[in-house]
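All of the numbers you see were taken from the coordinates with simple rules; none came from a lab. Bear in mind the structure is a predicted one, so any value in this text is a computation, not a measurement. Neighbour counts are summed over all protein chains in view; Cβ atoms, including those assigned to glycine, are modelled from backbone coordinates with ideal geometry.
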Amino acid sequence: MSFDMASFNAEFFAINGIACPANVARSVHKRQAEFYFGRLVARHALRELGVVETEVRVGASREPVWPPGIVGSISHTRTLAAAAVVPAGECSGVGIDIEQVVGEDASVALKATVISSEELFYLQTQTGVLSLNALLTIAFSAKESLFKSAFSEVGRYFDFRAARVVHLDMERGMLSLELTEALSDTFFLRRVCHIGFCFIDPNAVLTYFVW
């Protein structure tokens with residue numbers, strides 16, 4: 001779903017019956033809008049599965065708490081919101097992430113906090129069809145999707161350096177991350193997770209991981 005943040009009004013929560021947590025109510029306009037539209041698309045996605053009149057609550061670690069029997073994920077940017085929901089019997093976890101392709105300032109931050117020097121060297125060898133900034137964005141978003149999908153199993157936050165980029169398949173739209181630490185029995189040391197990616201517009205990438 002695309003949205004215009006400038007048109008958002010906090011009254012939309014009450015009008016459309018979407019709960020606004022106290023910390024969101026106290027936050028800035030941008031945060032309120034992103035939370036609202038994220039929950040709105042989650043509601044639409046759940047209705048596609050026949051789940052109605054339910055709230056996607058916020059967990060202790062600020063993660064979405066889905067209705068029983070559902071696994072899902074929410075993501076948003078300043079103009080886009082998306083949600084993916086799957087019956088729990090079909091998979092154990094799902095993670096999606098949307099990111100706007102970063103500019104030069106943000107790319108410096110990614111190189112410092114998200115991508116190791118070895119990963120950067122590899123991504124630099126893959127430039128051509130996509131710019132380095134686009135590849136950095138894909139790598140960052142892929143790690144976000146991995147985190148979201150694995151959170152219910154791992155049960156804690158883990159650092160971006162817990163997974164490293166080992167392969168990029170442009171033709172298949174797939175980036176492979178190898179775990180550099182043991183996160184759980186399922187997400188064991190050196191497990192390779194294959195994260196899908198695609199561009200939903202020229203400046204926005206979507207990544208997804210299901211296990």
Discussion item. Around Ser75, under 11 Å between beta carbons, what's the net of Lys plus Arg minus Asp minus Glu among the other residues?
Written reply: -3
Practice prompt. Excluding residues on the same chain fewer than 8 positions from Lys143, give the aspartates and glutamates whose Cα lies under 15 Å from its Cα.
Written response: Asp97, Glu99, Glu119, Asp159, Glu178, Glu181
Worksheet item: If R0 is 30 Å, what FRET efficiency do you get for Val166 and Arg78 from their C-beta distance, rounded to 0.05?
Response: 0.45
Worksheet, complete the sentence: Taking 0.36 nm per residue of separation between Ser116 and Asn16 and subtracting their Cα-Cα distance, the length gained on full extension comes to 31.6 nm
Item to complete: Filter the chymotrypsin sites (Phe, Trp or Tyr not before Pro) in the stretch 35-122 to those in DSSP coil with at most 15 other Cβ atoms within 10 Å of their Cβ, and list the result.
Response: none
Item to complete: Principal axes first, then extents: for the Cα atoms of the stretch 13-171, list largest minus smallest coordinate on each axis, whole Å, largest first.
Response: 49, 37, 29
Practice prompt. Return an integer: the convex hull volume of the alpha-carbon atoms of the stretch 150-199, in Å³ per residue.
Written response: 85
Response to the item:
For the stretch 176-184, in residue order, the Karplus 3J(HN,Hα) values (coefficients 6.51, -1.76, 1.60; θ = phi - 60°; whole Hz; Gly and Pro = x) are 9, 10, 9, 6, 9, 8, 7, 9, 6
Item to complete: Return the tail of the calculated pair distribution for the stretch 87-174, meaning the percent of Cα-Cα pairs more than 20 Å apart.
Response: 37
Worksheet item: Where does helix 104-113 land angle-wise versus the long Cα axis of the chain, in degrees 0 to 90, nearest 10?
Response: 80
Worksheet item: Where does helix 29-48 land angle-wise versus the long Cα axis of the chain, in degrees 0 to 90, nearest 10?
Response: 80
Worksheet item: What 222 nm value per residue comes from the helices of the chain, counting each DSSP H run with n ≥ 4 as -39,500 (n - 2.57) and dividing by all residues, nearest 500 deg cm²/dmol?
Response: -10000 deg cm²/dmol
